[in-house]
Structure formats: C-alpha cells, structure tokens
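Single-structure report; data block below.
The values are calculated or read from the model by the stated rules, or taken from the named source; none is laboratory data. Here the structure is a predicted model, which means the values were calculated and not measured. Here the Cβ is made from the backbone with ideal geometry for all residues, glycine too, and neighbour counts use every protein chain on show. These area figures cover heavy atoms from the full protein model, side chains too; ligands, DNA and RNA do not enter into them. Shrake-Rupley method; radii C 1.70, N 1.55, O 1.52, S 1.80 Å.
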Number of protein chains: 4
Amino acid sequence: MLKEYLVKDIPKLKIHGRTTTCREPLTLFWTASGFECNVSGTELSVEVEVSYDTFEPWISYTVNGDWVGRQMLVKGRYWIPLFRGMSPDKIKNVRFYKDLQAMSDDGNSYIHIHALRLDGTFYPVEEKKLKLEFIGDSITSGEGLFGAREEEDWIPMFFSSLRDYACLTAKKLDAEYRVFSQSGWGVLSAWDNNVNGALPKHYREICSLQPGEKNERLGGNAAHDFTSWQPDYVIVNLGTNDASAFEQPEWIDEKTGRHYKMHKNSDGSYLKEDIEAFQTAVKDFLGIIRACNPKAHIIWCYGMLGLNLQMSICRAVFEYIDETEDRAVSYLQLPNMNESTVGSRSHPGYLCHMQAAEVLCQYIGDLIAKKGRFYSD
Amino acid sequence: MLKEYLVKDIPKLKIHGRTTTCREPLTLFWTASGFECNVSGTELSVEVEVSYDTFEPWISYTVNGDWVGRQMLVKGRYWIPLFRGMSPDKIKNVRFYKDLQAMSDDGNSYIHIHALRLDGTFYPVEEKKLKLEFIGDSITSGEGLFGAREEEDWIPMFFSSLRDYACLTAKKLDAEYRVFSQSGWGVLSAWDNNVNGALPKHYREICSLQPGEKNERLGGNAAHDFTSWQPDYVIVNLGTNDASAFEQPEWIDEKTGRHYKMHKNSDGSYLKEDIEAFQTAVKDFLGIIRACNPKAHIIWCYGMLGLNLQMSICRAVFEYIDETEDRAVSYLQLPNMNESTVGSRSHPGYLCHMQAAEVLCQYIGDLIAKKGRFYSD
Amino acid sequence: MLKEYLVKDIPKLKIHGRTTTCREPLTLFWTASGFECNVSGTELSVEVEVSYDTFEPWISYTVNGDWVGRQMLVKGRYWIPLFRGMSPDKIKNVRFYKDLQAMSDDGNSYIHIHALRLDGTFYPVEEKKLKLEFIGDSITSGEGLFGAREEEDWIPMFFSSLRDYACLTAKKLDAEYRVFSQSGWGVLSAWDNNVNGALPKHYREICSLQPGEKNERLGGNAAHDFTSWQPDYVIVNLGTNDASAFEQPEWIDEKTGRHYKMHKNSDGSYLKEDIEAFQTAVKDFLGIIRACNPKAHIIWCYGMLGLNLQMSICRAVFEYIDETEDRAVSYLQLPNMNESTVGSRSHPGYLCHMQAAEVLCQYIGDLIAKKGRFYSD
Amino acid sequence: MLKEYLVKDIPKLKIHGRTTTCREPLTLFWTASGFECNVSGTELSVEVEVSYDTFEPWISYTVNGDWVGRQMLVKGRYWIPLFRGMSPDKIKNVRFYKDLQAMSDDGNSYIHIHALRLDGTFYPVEEKKLKLEFIGDSITSGEGLFGAREEEDWIPMFFSSLRDYACLTAKKLDAEYRVFSQSGWGVLSAWDNNVNGALPKHYREICSLQPGEKNERLGGNAAHDFTSWQPDYVIVNLGTNDASAFEQPEWIDEKTGRHYKMHKNSDGSYLKEDIEAFQTAVKDFLGIIRACNPKAHIIWCYGMLGLNLQMSICRAVFEYIDETEDRAVSYLQLPNMNESTVGSRSHPGYLCHMQAAEVLCQYIGDLIAKKGRFYSD
C-alpha cells in the first residue's frame, strides 16, 4: 500500500549537501545536494515544491547507483515518480541530486522536498568512511557537461551534478561529498572583476550567496554549523575566474561608485600589486577553511581551464604553509581541457572531468596511504 | 509570446515512427517514435496524454543532437518542458523519443502528443537521405541499457531508445530510422515457445501487437501504408528468443489446448523438424519484408547474445536468396556481449551496442559504396 | 661459465611449429615457428644459420613473455645474443619467433638453429593445456603489421608473427599454437588465379610449398606426422584471395598452357560454376583437415578484409556438416578492417588483429565452456 | 650497385644528439642519439663499432617513421642491415636510435658509426622548425619501457628511446630533440646520496659523465658548443632521485671520507637545511641551463613517479624567476604512474609515457600559441 511520509518523519533518510535543520520541508541549495534512501517496495515518488524567477532547477537521480532520470522542474508543488514496478522485497538505493548550483542570480530558485510516497519500508543508509568537500566555480558546478559543443546559452540545462569530477571522485573513492560552488566566481572577484563574486565571503554561512529576503527566511544566510559535518579532504578548485579578471574591463560598484580591476603590465605580465592581493585572498581563504575544518587535508587544485595563475596559487599555498606551519595543505595540477575533451560552452566535458577525477583519486589515495606523516613535503 | 500549437497545425513538425494518420492527437507506439522540430524562440514545451495499466512509458529528448532529459511519465494530460531561456533567434533542433517499446503486455500503455507551446517559429526539418528500419527483440528495444548490472526487474526504466545500436547507427550514418521490436519475441515464437510472440505476424499492421479494444480504436490494428515510408535498409535482428525456446518448457495455448515446443535431440543438437520450421519462418518473414519494401536491402543480423542459431539463420537466408533470386539480402554477424560490455538484466550494454553500431555502419557504408552491383555474392 | 649446447642435446628445449625431426640443425619453416626455453643464468645466445636468395628472414623474441627484440637476419652462420646481465638464479622464459612466413617464392629462405650458449641450466617448459592451429593467408602471416601506412613493398620487414591475431589469441588463451599460412594464397587458387597457390595441396606435408631441391633435402616435402601434435582447435582464415581471383585476369600455366580464371556474370555477381568449384574446394579442405585432426573443432573464419565470399564459405561449411554429419565445424565472422585499424600495405593493422583475437578468444572460450555437446547447432 | 660511404663523406646525413665533431667515426653517447637519412635505393646497411665492459648498447630504428627493428649489439665492428628489397626510386626516411643511455657505470660502452652502404642516393633531411632538449633521470632514459612487469634487473634491455615521452613528444610536435639523462641521478645527488650523481655538474660538457680515459680520448669531456644547437624548449624532469635520497642511508666518498645524506625530521618531514640545499641546486641548474641556452623556454617537469618534492621544486623555480627576472621558466606537473600504467622495474610504462607526452604537447603548444608575452605569469 502506498503511503506518504513527510521528510521529518523519515529518520533513515540521508540528507546530502549543506542545508538548514528545517525538514518541513527540506530545502536544497547546492549542486549535488539532495537525499538518499534505501527502501523496499515496488514504487517510490518524491513530493517537491519548486520556485524560480529566471533559472529553473533540474534534477537527476540514480537507482542502485545507476543514473536513470534527469529532468527540468516546473514551478509548483507536485510529485515526481522515481521508480515503479520493482521487486517488492529487494532493497533499492535511490539518490536524488540537484543538478543546478545555488543561483546567486536568482533569489527565488529553490527545490524543497516535502515528502516521499512508498509502498515499502525505509532502511538505514550506511555512513561512508570518507567525506569530501569540493569548493569551486563553473567547473565544479558541472557547467558544460550537457549540451552540444556549439551551445553558448548560460542556462540550467547545461549544468550537471552527476557527470562532474566531484561526483566521479566521490563515487570512485566510495565517499560522501558536498559541493560549494558558483559559476563565474573566484577567490578575490568574479570573472568580470565584480568583487561580490568572491566565494570566501560566503563560506561560513549555509548558503548566503543566494540573494534576497526569501533566502533569509529559508535560513540560507545563517551560520553553517561545521561541527555537523567535517570533511576529510577539502578540494578547492578556484582561480580560473580570477585569471579572467585580468583580461576584463573594470567593474564599478553602483552602490559605492568604486572601481575594481585586476591589471596587467604593458608586457602582458600580471601587475605585482594585484597578484599580491590575489595571493593574500588565497591565503585568507585557506585560513577560513582551516578554521572551519580543523582536521581536513586541503588540496588546492587548478588547471582544467589552463594554468595562467598556477605560479601565484602555488606561491600563496606555500606561503600559507610557511606562515602557519599548517602542513595538511597541498597543491595539485589537474588535466587541462583539450579539443577532444571539451564539452558545451567551451567548458571541460565529461572526458576531462573523468581524467580530473582519476588524478584526484590517485592523489587522495596516496595521501590516505601515508596518513600519519606530514602531507606537504 | 508563448503560443500553443496543436500537432495538426504544425506542418513543419517531423513525425518519427510507424503511426496512424491521426494528429488529434498523435499516438506514439514504437521505441524511438516521437517528433522532431526546428524552432526559434526561448522556450518549448510539449503537451502529452499518457495512459497505462502496468507499464508506464518513459521519454528522452535531445536538443541540438545532445541528450538532455529522460523521465518516467505519469498518467494524465499535462505539459512537459523541453527547454527554457535559450537565445531567441538561434534555431534549435529538438528530437523527442519514446524510450519504451510498444507493449504487447499492456493494451493501455500509450503516449499521445497533443500540442507544442513555443514563443518562436517552426522551421522545416530537412529530410535525411538515408532511411533505416530496425526489426528486433529486446536488444533492439534497448532493454538493459539503463540500470545497474544486478538489476533483474523487467520494467520500462531499463529500456532505452537513445543508447540503442539502432539510434547509434542512424546517427552515425545521418539516417532517419524506425524501430519495430518486441522484447522476448522471435521469428517463430517467443522465448517461452508462445507462438503468439512472432513478430512477422504483425509486420503488415501499424502496431497490432498492442492488444485490446483501445488499440483497435486508436488504429494500431489497421494496415500499415508502406508506400508512406520506404527504408533503404531493413535490419532484422531476430533469432535470439527462438534459440531460447529450445531450452524452455512447452507453451500451451489456453484457447485451443494445443502444445508448442522447440525440441532438442538427446545429444543436445536441435531437432531437425523444429529447425526446419524455424528456417521456413525466417524465409517467410523475408518474403513479407520484401513484399512491403520492394527496393530495400535486407540485412539479417545476429550474434549480440550468442551465435546458437547462426547456422540455421544463414541457411534460411541463403535458401531464400536461391529460391527467389532476390539478392538484396545478406547476413551479418554482430559483436557478442562479454563481461565488459554487459548492461543490466544480462543484456548487451552501451559498449556492446556501440560496437554493434560500428560494425553495421561499416557494413552499410560498404554496401552504399558498391551500389549498382548485387549485394549477396 | 658460458657453455654451448647443440639443439639435439637440449631435451628440455621446446620446439614450436611444424618441422622435421632433424635437430642438427633444427630448421624453421613457418611463421611463429621457433623455440622456447626456461633457463637460469645471466646470458643466452643462439647460433643460427641463415640463407635466402631474395627474401631474408626476420626474427623476434620475448623474455618472460615480453617482446624485447626484432631484427633482420643476414646470411651465414653466427650467434645472436638474446639476453645479458640478468640475475643468475631466476628462471627466465625465452621464446624465439620466426617473423617471416615460409616463402613459396624463395626456395632458399631458411633459418636453422644449431645451438644455444648459456651460463645456466635448462628447465622444463610446461606443456600448455590448449593447442591451436591457424591456417591462412597474408592476414595470418601477419603482413602489414609493421611499416608505415603508405608502404607498398612486399618485403619481409612488414611481416610480423608477434602482432598477429594468431599470437594474440594463443597468448590470451594460454595456448600453444602453430601457423600454416601463405600470403596471396587461397583455397582454390591464389589472388591472381594461379592454381598452384592453393593451401590445401600442401597441408599433408611438413612444408611442401617451399620450392626446390633444398627443401627436398631438408625434408620439407615429407609427409607431416599429425600424430605428433594434435590441435584442439583448427582456425582456418581463408577465402580473401579466392575472392580477389574473380577480379583478376586469367592465369596461364606455362607448363600445360591451360588458362585459369574465376568469372563474374555481367551483373557483377559471381559465376555459379566457379563458386561451386570454390565451395567444393572448401569442403574438400575441411575433409583433409578432419582426416588429419580427428578430434579438433574446426572454425572457419572470415571477414578481416571484407565479406565478399561469406555466403559461399558458409554454404560450403554447412554442406560439409550435412554431408559428413561432422558437427565439430563452425563458421565465425571476424572484425573487418577500417580506416582506424588499417596497417601497412592496406592490410589489417595491430588494432584490427587485436579485435579479431578478442572475438576468437570469446568464441573459443564459449566452445570450451559447452564441451560435451555438439558445436554446430 | 651497393656502395660504401664513410660518415664524413655523407654531408646530407643528419646527426642526432650531443656529440663531438669527429666523424671518423661518429660516436653516439646519449639516449636517442643517432643519425637520420633520406635515401633512394633498395638496400641500406650501417657499419657500427661497438664496445662495452658491462653494459651492452641496444639500438632501434624506424623506416618512414615506423619502428621496424630493435636489437642488442655485440662487441666489434660489423654491418647491421636496415632495409632490403624496397622500391629503388622511392625516398625512404631512416632514423637510427641509440636505445641505451650514456653509461656512467661503464667507461667503455659506446657505439661508433663508421659508414653506410647503399645502392641509392642520399637526399637532404629537412630541418625541423622546433627543437627540444630533455634533461632527466631513468624516466627520461626510458627505463622500464621494455620487459615484463616483474623484471628487476637493471640492464640495457629494458631501456627504450622510442617509447619514451621525449620521443613521443617530439614526434607529436614534429620537433628535433636531444636527451641528456642518467638513471638514478638527480639535481643535488643520486638516489643513494652519492653527490657525484648530479647531472648539473656535467651539463656544460659533451658527455663527461661517461668515465675513464677512453672518454677523454673520444672527446666526451670536452666543452659542448652550445651555439651549434639551440633548443626552443628545455624540458627538465629531475627531482625523483633527490626525493629518494631522503629515504636512503648516507653515502661516503671513499676519496675524502666525507659523509653525505639528505635528512628527515622525526615527524617524517624533510630537514629544512637539506631542502634548502636542494632548492639552491635547482636554482643553480636553472642558471646554468639559461647561460647555455639564452633563448629557450625552460619547463621543469615533475610527477611521473610521485610528487614528493613538488613544493620544493616549485619554490626553487619561482625564487629563480624572482631573483633573475627570467620569466621564460615554468613548472609543469606530469601524470603520475599508476597500476595500469606501470612498466617493468616499477617504472612508468608506455601508457604513462604517452600520457606525459600528451600533457607536454598541449603545454608547449599553448606556449607557442602565446609567444610574445611572458610565459610565467
């Protein structure tokens, strides 16, 4: 017999991704946030409530680890079927993913999960031994992983959580993972010099980059309780948009009238003062991450869209290590996209994300193997 | 401005798959049936009407040739969004696919297409130069192309039109294609000796294997007008379930009380009389296909799930050629599934279908290259 | 201390390939013929005696299964070093391969093995549980597996035993194997209608296609003792040159003045009488192979250079089975070469041979798995 | 008619690799050194003179770019056949490679090239537009690219020039290249703390790491004339053995009695003083390379056998850039070996070298594309 269960009444439901403690309903903010359950029964549906002004959310889900569905969500409150007609006694694992990132450009773009409908029983979802957090930009938001190569529209359809290197890495390492990312953003500024597009400013809150009053009401602006979920590894994949800012015109803050721009010298090199500001921002962000995750190893990754700022990132990482004597921090280069690994919107495609996941998995595997000694040699 | 268009009022809409002439609404019967359109505008939705008793339909669709969505359909009449927020002036190609086969086990499982909603203009869909028809069983219905390897449930979720070798072959050859297939069925009988499960019996009608009064009303039992669509190549991929019938117990027709079974000799070989009946059925089916498609080259394929009946199929094909002097008929072995290419439900997986598509494309490409001479040497 | 051992004095030396019983010296006739040994010691050399008029032999060898050397052999008697400086106590496996086929065009092209020089001990080479014989043309002789794509010279440099599908199949199945092959030859005639180029005529002798008085003296024309080595599987890969004969001008036997040619009808199809002659030749050859190898399963393979004669080969194989009730015979299609798998001289390259080996291995593996029942269903 | 040509009499012969100006005979010192020629004619041989005490040289060669032969060389002066029976008029490109590195452990291991024997004409070898120099250790010497995985002997058989990432990179970029490498050596010391195993000490001479009086006589100890060949890119792949020295016992210089060792702290981290010495050595070597190659871009690569010293290498490279304002210097991480890419002797195998070549080619390609601006951002 099909029965409806409010999320709050399913203690065995595993919630993925940074969110508030509210379960009536559960709000999904970030890429790859969602839920996971182990259930018997023949049929499962989920009741969602969806809102947006400009950017509609998309979702994907897996059954027993294999991707079976992906769809655009319309506005409103309604049921989405997840499976039907399965053997009643076998226990099925279902994982539901928000495909779209938290949208700093749409303060009304949310998925809420109200309830599940099932004719079986919920079973516990086993805790993974490894936890990973991924912090990044469009690459980590999975932009370009759907769509034909020639696509240029910046729309939710082309964002994917499941083809992303973060998901692939977690799957390969059998890890639980969370994503904290925003397309176009960087460490010091966004790709267009907009200094509001700096991810570190939002790291301590649940999801404060989602703008507006509704987010306040939903609790996205509240402080995140880091003790509730401590990753073993924090993978930062930022710097690509900071490099872009050197190539873009200045950005003017309309509120203050202040102008912002990263400059290059006449010979094409980066202006020393601006690079230093960037490096300071990297070091400061490492400090914030460390403060929030005292035991995590932090890996700063770079390179999937070129190596322009590699030297500055390395310098900043190494200076942070020297200054803090915090050695659980390191730098890792990821495979650069090329003609055969490009996806849509000139972003890394599935092949490039698979290569990146392989490099990350080997690197993290090696770190795990030599635990007990210092990481940064 | 979004505007609704009834299917009958969109002459530029390309309809795929065998169906009736009715457009109010359009009924989708077969795997990979659906529609295709070229449109400007920012947003497109489709109004479907879905019914089923046991087996719910699934759909997939592509935008500019790239797969972006796949979902289970619930019962009722409602709108499904296909894209949003795209550049208004660019022309987008959208192809909508029924993922599920025509269901001989559910006389109420249909998708009807009523209307499209668009804020742009419809443009013509260019006619392909090559047309292919695929006739087959579960392999051609794409069974096993979704789902984890351990899955055993026979449910619509695990059927895929888009990962199928038929779709892959058509895409690679830039061809239009149709699928006429039924899981579990064969040339002479189904896998369990049920003689109703013989595809040739239904080839001349639009979709007469879908049972019941509703199908009659929808026109599925009407004669198919073969002049309306003539394939250049007919690819038959049958025999796998006929081989299985030799291993299964007899099937009893409850109406007549008659018993049916394919037999093996005590040494494990196939009984001569039964093999001859099978071979006659193959030859008869070739005759039917030829009668309906006078100019097509017919390729009988076999091997993706083993070669048990290869010799009998070849004998039948060659005898047909001798007896009719019809030389536009040939036999082609397809790659056998193995441990690294298996999908779910012990069926060929995506890798195996890709290998099969490659073999077929090369074979058809060679035939095209030497057109003008006889095919069967 | 390095010591020289005559071949006849090394009972633990494993001899590969059809040859005479003479060991002073051992004569290598066929592709992949050679020797294999397990030895301790730091250093191993082999004393060869090489002759040829036009086509110089090439050799390859492996150490512990891995290919380490390949070279052209000059005329004369001399030592070839195989390894040096290895750990004295470890036992090394060395396998020495003739890369060049027996040369019907050069009655003086031979490698003789006189002795080995070693500072260690010979150990037994374990008998493989599976034995394979490969009968074929240029494909089985490994033509085109070395050399740039644009190469057109028909020279020994471009023949390889080790990259060949025969070697790859044997390695994957952990089998001992022999090759009986001749480039340009067929079942009924060579590619140019020369009826002397028919492999069946030479199957009962050790190596009677090597012409001339020297071969007589060496014993190549003597009857082969089939009881000395019985394969479990005989893989015949012939027909490609018979197909070619239909496209070539007639061949005139200078001794008798007789003309020979395979004909096509005006519509491009093959002349019935000629096809029947070909089919008779296939059946006769199957009879010869069966007479010589009473317990072997015979697999007739075809397709690496196109499927032109597939139907005729299948007909002949099936008629042979019907007429003889010999069911340990079957037909298998191999992967066709394409643009990405071509080697030099427009012949299948390494990728194509690897694909063929994979298909063969799966097929033979399946046959082994169902031993006890008849093979040809 | 076959005719012998002394090397000195073949001005069109292209000489590869660092060597002296002597051509009677030409001496080959380094990995991948050798010669290249474009010739008509049917037959080509080379007269070599080979000596060694412990480590025999091996050679490989290509015909029209495709590898056709590889063999161990015995002592003495003799002719090696390269091709026979080719079309006389076509121009063939032949490239002869020393597979073995210069041997610091065998002062008598040399290949000398005296003459070529040809029945055709020599044609010019076109100058490549791009020149690369590779400086490295065992990885760059191609150790482990031949031989079974279980091999542990340190012998010439397992060294390969042609499967090496240096060769693969040069081929893909259509570049001329040279290799300056020594297995087991590093920037500051060899893997075992032996401070004589430091490559920078030998960079200014032709081949001064080859020990003994014979090398003096051959001119290996003479200063190298860098003006004779200026690379566009110098790729340094060193640090792996320096990392190893931290794990090994001290090395005692028998002449001076001095002890040498890289130390680790009790917590497993590297001792600061030793790391500083290593970094100084890296910077000094960059200075030497720059002095010798004023216009080259220098890429320091690392990572094919782990990233232990990555941070120290990066620090040293960046400090060098700061101190010298020399911006044509950068750092690049190469793909780490894993279980599926390992070769023999626990060294990177062919797959790993192919991956490394791909990363290098993309990186160098990007640098070439943005020439005119500074490289190190």
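What the table shows:
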item	result
Assigned charges on the beta-carbon of Lys, Arg, Asp, Glu; the protein assembly as shown dipole about Cα centre (debye)	0
20 Å Cα-Cα reach of C:Lys255 towards lysines, excluding residues that sit fewer than 8 places from it in its own chain	C:Lys201
Three-way shape call for the stretch C:262-371 based on the alpha-carbon gyration tensor, with the a/c threshold at 1.5	oblate
Calculated FRET efficiency for the pair D:Leu6/C:Thr324, C-beta based, R₀ 51 Å, to 0.05	0.15
Nearest beta-carbon to the B/A symmetry axis - residue in chain B, distance in Å	B:Gln71, 2
Normalised contact order of chain B, rounded percent, pairs of Cα under 8 Å and 6 or more residues apart	17
Nearest-20 debye value, the stretch C:214-328 charge dipole, Cβ charges on Lys, Arg, Asp, Glu	300
Total accessible area lost when A and D pair, probe 1.4 Å, Å² to nearest 100	2700
Shielding by other protein chains, C:327-335, mean Cβ within 10 Å	4
Helix B:310-324 axis, angle to chain B major axis (alpha carbon atoms, nearest 10°)	90
Restricting the stretch C:80-138 to trypsin sites (Lys or Arg not before Pro) in coil, as DSSP defines it, with at most 13 other Cβ within 10 Å	C:Lys129
Shape category assigned to the stretch D:91-239 from the gyration tensor of Cα positions, a/c cut at 1.5	rounded
The stretch C:302-345, relative contact order in percent, only Cα pairs under 8 angstrom and at least six apart counted	53
Per residue accessible area of chain A, 1.4 Å probe, in Å²	36
Mean separation of Cα contacts under 8 Å (6+ apart) over length of the stretch B:21-157, as relative contact order %	38
Apportionment of accessible area to carbon and sulfur, the protein assembly as shown, percent (1.4 Å)	50
Size of electric dipole in chain B: Cβ of Lys, Arg +1 and of Asp, Glu -1, about Cα centre, debye, nearest 20	1240
Set of lysines with alpha-carbon distance to D:Lys75 below 26 Å, sequence-local pairs under 8 removed	C:Lys3, C:Lys75, C:Lys90, C:Lys92, C:Lys98, D:Lys3, D:Lys8, D:Lys14, D:Lys98, D:Lys214
Under 18 Å from the D:Lys371 label point (7 Å along Cα→beta-carbon), backbone N, the stretch D:148-174	D:170-174
Inter-centroid distance (Cα atoms) of the stretch D:150-201 relative to the stretch B:52-77, Å	57
Cα long-axis angle, helix D:350-369 against chain D (0 to 90 degrees, to the nearest 10)	80
Structure-based [θ]222 nm, chain D - -39500 (n - 2.57) summed over DSSP H runs of at least 4, per residue, nearest 500	-6500 deg cm²/dmol
Neighbour-limited loop hits for GluC sites (Glu not before Pro), the stretch A:282-363 (at most 10 other Cβ within 10 Å; DSSP other than H, G, I, E, B)	A:Glu325, A:Glu339
Shielding by partners - mean other protein chain Cβ count within 10 Å, residues of C:62-68	6
Efficiency of FRET from Cβ geometry, A:Ser266 and C:Trp154, R₀ 45 Å, rounded to 0.05	0.10
Per-residue mean of C-beta atoms belonging to partner chains within 10 Å, peptide B:146-158	5
C-alpha center-to-center spacing [the stretch D:235-264, the stretch A:298-377] in angstrom	29
Loop-resident sites, the stretch A:1-103, for GluC sites (Glu not before Pro), counting at most 15 other Cβ within 10 Å (DSSP)	none
Rounded, prolate or oblate (a/c below 1.5 giving rounded, otherwise prolate when a/b exceeds b/c) for the protein assembly as shown by Cα gyration tensor	oblate
Label distances, nm, B:Leu130 versus same residue in remaining copies, Cβ-directed 7 Å point	3.6, 3.6, 4.4
